[in-house]
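The values are calculated or read from the model by the stated rules, or taken from the named source; none is laboratory data. Everything quoted here is computed from the prediction, not taken from an experiment. Every residue, glycine among them, receives a Cβ derived from its backbone with ideal geometry; neighbour counts consider all protein chains shown.
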Amino acid sequence: MKLDTSGTREELTTSLSRVWGTFVEGLEYRFDLFALELKSEKQRATRIMLAMELAVMALFMAFLSLNAFLIITFWENRIAVVGSLLAFYTAVGLLLLWRIFASINNAPPPFRATIGELRKDYESWRVER
């Protein structure tokens, strides 16, 4: 008696091919999601850095111009003017730093969607076994 296993082999090969295709498709989806999130994080970081650079430059120019103007205008009370300017710029600088750090701390964690998908994959694989 001879067993015909050619049909079973073809079915097994087809099934394995489908499983492999599904696996590769899942990896491709995860990679695309990771690349999209990486691009988003890069853009966010660039915007924050550009805003910080522009804010520092503008504040520095305003600091120089306003200080020179006020000291020249109120030359008789220059010590009071310099003290007032110091207090004002310190408050503005601290406020800006607070806003920058709040923006950084309130941002969603990077790659949150990718990590979530990987966790779902892990859970589904763990349950199936």
Check your understanding: Would a scan of the range 101-111 turn up a residue that is farther than 26 Å from Trp125 by Cα and either touching a helix residue (DSSP H, G or I) at 6+ places or on another chain (Cβ under 6 Å) or not in a helix (DSSP H, G or I) (or both)?
Key -> yes
Check your understanding: Out of the residues in the range 34-91 that are within 30 Å of Gly116 (Cβ to Cβ) and of a type in the set (Val, Ile, Thr), which is surrounded by the most Cβ atoms within 10 Å (Cβ to Cβ)?
Key -> Ile48
Exercise for review: Considering only residues that are among the β-branched types (Val, Ile, Thr) and within 16 Å of the chain's Cα centre (by Cα), look in the range 11-66 and name the one that is nearest to Ser103 (Cα to Cα).
Suggested key: Ile48
Exercise for review: Specify the residue that is modelled with the lowest pLDDT; the eligible residues are those in the range 5-24 that are closer than 24 Å to Glu117 by Cα and either loosely packed, with under 10 Cβ neighbours inside 10 Å or of a type in the set (Ser, Thr, Tyr) (or both).
Suggested key: Ser17
